[in-house]
Amino acid sequence: RAKSAGGNRFELADPEADARAITRHGLTTALPTALDRGEFFIEYQPLVHLGDGSVRGAEALVRWLHPQHGILGPDRFIPLAEHTGLIVPLGRWVLEQSVRQARAWRERYHDDGPLRINVNLSPCQLTHPGLVQDTVEILERAGVQPDALCLEVTESALIGADDALLKPLRRLAEMGVDIALDDFGTGYSNLANLRRLPVSVLKLDRSFTQSMQRFPADPVDLKIVEGIVSLAHSLDLAVTVEGVETGAQAEQLRILGCDTAQGWYYARPGPPDRLHELALVDATG
Ligand code: C2E
Ligand code: MG
Ligand code: MG
Ligand code: MG
């Protein structure tokens, strides 16, 4: 919309920016009722053990089936949900669904299926006073042990975190919930800071995996990953890698000592039944 301010000042219209703003506005308005209308759904992507290829768990990734725009990825609406505060009920819904799904897998596959569920947490959920209580109730209602749950928090959310922010995470970790540092290595990584955080898993960012794509891989990147893995292991942290798209990457990351991997090479995020199939193939050879 070209606006005229006063008599002779004009701004050029930017139709694309306008369209983006209109969509953003529309999505923001539709968000609060989307949860009640049941427009969100969750896809699951397996987490695979690099040593033996077995499915160890899955990450829950939320999507929005918008009546006009079709399926929207989290990058389109999570920032809006964070901004409007809807992330708290939405995040609670994702947690509840995911934990119930983990319970269903366990019932169906006993100990052969994907046993653990990873759920992403926004910074706003960390500061919300109900986090610990909600999580305990959700686990109890579903009859799932805390050690079957891993909450993923981005490294950037915890940069400079004070004790008040870390307290709920500590409580959850004490109960047996795993805390993973997501997208690790993208932010300003203060490695010494790791000791202070109640995390038990490092999730190495996709950018590291991407550099393993080239052959031979950049020797400096190899050294960096090797260093992160040895530091993590010496602090008793497990290392997961995301964004594994080829067998060569998986092999390289396995040699470097990473524990678990996730990526299109194994499976794209999909409906819970697809994970059943993968785990089944896996369990039967
Ligand atoms: P993330 O936690 O780092 O999740 C991994 C992202 O990488 C997912 O994108 C996944 O689909 C994508 N991915 C997986 N394997 C590959 C691969 O081999 N190659 C490539 N190029 N990409 C791969 P997605 O589903 O679009 O999610 C984006 C981000 O949205 C997530 O990043 C996470 O931070 C956030 N998110 C997703 N679900 C939730 C949620 O329930 N709550 C919150 N707060 N954030 C969420
Ligand atoms: Mg994640
Ligand atoms: Mg990640
Ligand atoms: Mg990532």
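The values are calculated or read from the model by the stated rules, or taken from the named source; none is laboratory data. Predicted, not measured: the structure shown is a model, and the values here were computed from it. Cβ: placed from backbone, ideal geometry, glycine included. Neighbour counts: every protein chain shown. For the accessible areas, the whole protein counts, side chains as well, though only heavy atoms, and no ligand, DNA or RNA atoms are used. Shrake-Rupley method; radii C 1.70, N 1.55, O 1.52, S 1.80 Å.
Return the residues of the stretch 222-241 that are under 15 Å from His49 (Cβ atoms) and within 16 Å of ligand 4 (Cβ to nearest atom); say none if nothing qualifies.
Val239, Thr240, Val241 - these are the residues of the stretch 222-241 that are under 15 Å from His49 (Cβ atoms) and within 16 Å of ligand 4 (Cβ to nearest atom).
Looking at the stretch 134-157 only, could you name the residues that are in a strand (DSSP E or B) and under 16 Å from Ala104 (Cα atoms)? Walk me through it before giving the result.
Filtering the stretch 134-157 for residues in a strand (DSSP E or B) gives 149-154.
Within the stretch 134-157, Leu149 is the sole residue that qualifies.
Looking at the stretch 146-188, which of its residues are of a type in the set (Asp, Glu), modelled with pLDDT of 95 or more and more than 16 Å from ligand 1 (Cβ to nearest atom)?
Residue satisfying the conditions is Glu174 alone.
When you look at Arg63, is it open to solvent by 20 Å² or more (accessible area, probe 1.4 Å) and closer than 23 Å to Val177 by Cβ, yes or no? First the steps, then the outcome.
On the way: open to solvent by 20 Å² or more (accessible area, probe 1.4 Å): yes; closer than 23 Å to Val177 by Cβ: no.
In short, no.
Taking only the stretch 194-220 into account, find how many residues are touching a residue at least 12 places away in the same chain (Cβ under 8 Å) and open to solvent by 30 Å² or more (accessible area, probe 1.4 Å).
So in the stretch 194-220, the residues touching a residue at least 12 places away in the same chain (Cβ under 8 Å) come out as 194-210, 212-213, 215, 217.
Narrowing the set further to residues that are open to solvent by 30 Å² or more (accessible area, probe 1.4 Å) leaves 195-196, 200, 206-207, 210, 213, 215.
Qualifying residue count for the region: 8.
Among the numbered criteria (1) open to solvent by 10 Å² or more (accessible area, probe 1.4 Å); (2) out of contact with any strand residue (DSSP E or B) (no Cβ under 6 Å at 6 or more places or on another chain); (3) under 21 Å from Gln101 (Cβ atoms), which one does Arg170 miss?
(3)
Out of all the residues in the stretch 31-58, which are open to solvent by 20 Å² or more (accessible area, probe 1.4 Å), in contact (Cβ under 8 Å) with a residue 12 or more places away in the chain, assigned to a helix (DSSP H, G or I) and more than 22 Å from Gln101 (Cβ to Cβ)?
Pro32
What single numbered condition from (1) open to solvent by 70 Å² or more (accessible area, probe 1.4 Å); (2) within 16 Å of ligand 1 (Cβ to nearest atom) fails to hold for Glu226?
Only one criterion is unmet by Glu226, namely (2).
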